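Reviewing the structure listed below.
The values are calculated or read from the model by the stated rules, or taken from the named source; none is laboratory data. In this text the structure is predicted, and so the values were computed from the model without any measurement. Positions of Cβ are backbone-derived with ideal geometry, glycine not excepted, and every protein chain shown enters the neighbour counts. When the accessible area is computed, the model is the full protein with side chains, heavy atoms only, and any ligands, DNA or RNA have been set aside. Shrake-Rupley method; radii C 1.70, N 1.55, O 1.52, S 1.80 Å.
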Amino acid sequence: MGVKVRLRKSYYEAEDSKRRRDRAKGRAKTGAKIEAKKAFMLDVSFEMENELVVLFGPSGSGKTTLFKCISGITDPDCGNITVNNKVYYNKNNKINLPIQKRNLGYVFQNYTLFPHMDVRKNIECGLKNWNKESREERVMEMMSLLHIEELEKRYPFQLSGGQKQRVALARALAPRPELLLLDEPFSALDKGIKTEFIEKIKSLQNKLKIPLLFITHSLEEAFMLADRVLVMHGGKIQQFGTLDEISYHPENRHVAELTGLSNLFDDARVVGYDEISKSTVLMSGDLKIRINSLELNPGNLISWGIHPEDITFLLPGSEDQDKNIYQAYVSSVINKGPKKKITVKLIRHYKTLIAEVPAQFVESLRLSAGDSCLIKMEMSKVVVF
């Protein structure tokens, strides 16, 4: 059971219309063949069970192309796709099920509701082979599940963004899919409605017990939704793991940067092991850092970093270099509502760090630009890769 995907797909850049016309004229004169420029190769392999997996990565990393291959909109160059032991695609065995025979639900970014159909008819679209009684029962069940009974006779132009979202979900879930694909469905929603739908999606996934793949480039959405996160960059999977694994054990710099590790340094050298604190000791320039014990050899060069929210500010009198406590001064303070973003520069060390701390705590310490302060980096929160 579950989903197994292994595929490759060449991804090409589209040529602008003027360039195509110019090249076409050149071909007419010379007979030269016109070829689109290859941007990168989508090359992925992963397996998932009945869980909510978030595809996370920047625009152009291949997330939507992967969805199109799974759904049948786009054909891969090679590989295989299996959902609950049903083969959707297998290049070697010449299997490529058409879209209508792939039992999955797909919610697009713009919802793609049919404008000439009311809500009921939109939901019924995937139930054409059902008998009338079963179809009506299923539509009512979906409208009740998504709380849209009162919208039954409305048309898409009469719906708000949140209402369209509910209808699109109801339509995707109506045929009882084996897999649900959601392609950035929250991008058009304001923050309040978005939070509501994140809770709804989690609730639905727990009830339906089907695999759910969710595309987003929002780190906040990924952390609120995911059972596991599949991090993509440049058409390849960089890491597939739990939130804790990708946040505190990134496999490379791409993952570290994409998951919000803004304090990143590539200059650390392992100098040894401290028996007293049971820690591995690093030197980053002239800055000594202790991290949780790792099997690293003295002299190894590694990268390290710390998330802004994992930097804490201490009261004066807590100086102790053995506990990753450092003297610094505040470079700037930026208000971010309930939190404040504080840039600090370490005294005697050429390092600048960014921290995010509760606004009330900052106000209680009366911190402002130019003030001296003490910061701490917990050994367990220092990330190395």
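Under the definition of Cα pairs under 8 Å and six or more residues apart, what whole-number percent is the relative contact order of the chain?
15
Rounded to the nearest 0.05, what FRET efficiency is calculated for E136 and I95 with R0 set to 25 Å and r the Cβ-Cβ distance?
The computed FRET efficiency comes out at 0.10.
Beyond 24 Å between alpha-carbons counts as too far, so tell me which of K202/K340; K194/K236; K101/K128 fall in that bin.
Long pairs (Cα-Cα over 24 Å): K202/K340; K194/K236.
What does a probe at S262 reach in segment 52-71, counting residues whose amide N is under 13 Å from the point 7 Å along Cα→Cβ?
Answer for segment 52-71: none.
To the nearest 10 degrees, how steep is helix 191-208 against the longest Cα principal axis of the chain, on a 0 to 90 scale?
Orientation of helix 191-208: about 70 degrees from the principal axis.
When ligands, DNA and RNA are left out and all protein chains stay put, how many square angstrom of accessible area per residue does the chain have with a 1.4 Å probe?
Result: 52 Å² of accessible area for each residue.
Compare the peptides 106-113, 190-197, 275-282 by average per-residue count of other Cβ atoms within 10 angstrom and give them in order, highest first.
So the order, starting with the most tightly packed, is 106-113, 275-282, 190-197.
Report the one residue of F108, S61, L127 whose Cα lies farthest in the direction of the positive end of the charge dipole of segment 51-127 (charges on C-beta: Lys and Arg +1, Asp and Glu -1; origin at the Cα centre).
L127
Relative to the first principal axis of the alpha-carbon coordinates of the chain, what is the inclination of helix 132-145, with its axis defined by its Cα atoms, in degrees from 0 to 90 and to the nearest 10?
20
Short version: ³J(HN,Hα) in whole Hz for each residue of segment 117-123, in order, from phi by Karplus 6.51 cos²θ - 1.76 cosθ + 1.60 (θ = phi - 60°), x for Gly and Pro, what are they?
For segment 117-123, the Karplus-derived couplings read 10, 6, 4, 4, 5, 4, 5 Hz, x marking Gly and Pro.
At 10 °C and 1.306 mPa s, grab the translational diffusion coefficient of segment 123-209 from Stokes-Einstein with a Kirkwood Rh over Cα pairs, rounded to a whole number in µm² per second.
The diffusion coefficient I find is 116 µm²/s.
Just for the chain, what percent of DSSP beta bridges are antiparallel, to the closest 5?
80
How big is D, in µm² s⁻¹, for the chain by Stokes-Einstein at 4 °C and 1.567 mPa s if Rh is the Kirkwood radius over C-alpha pairs?
In µm²/s, the coefficient rounds to 53.
Going by alpha carbons, how many degrees (0 to 90, nearest 10) lie between the helix axis of 161-173 and the longest principal axis of the chain?
Long axis of 161-173 versus the principal axis of the chain: about 60 degrees.
Could you check how much of the accessible area of the chain is carbon and sulfur, as a whole percent, using a 1.4 Å probe?
Carbon and sulfur: 49 percent of the exposed surface of the chain.
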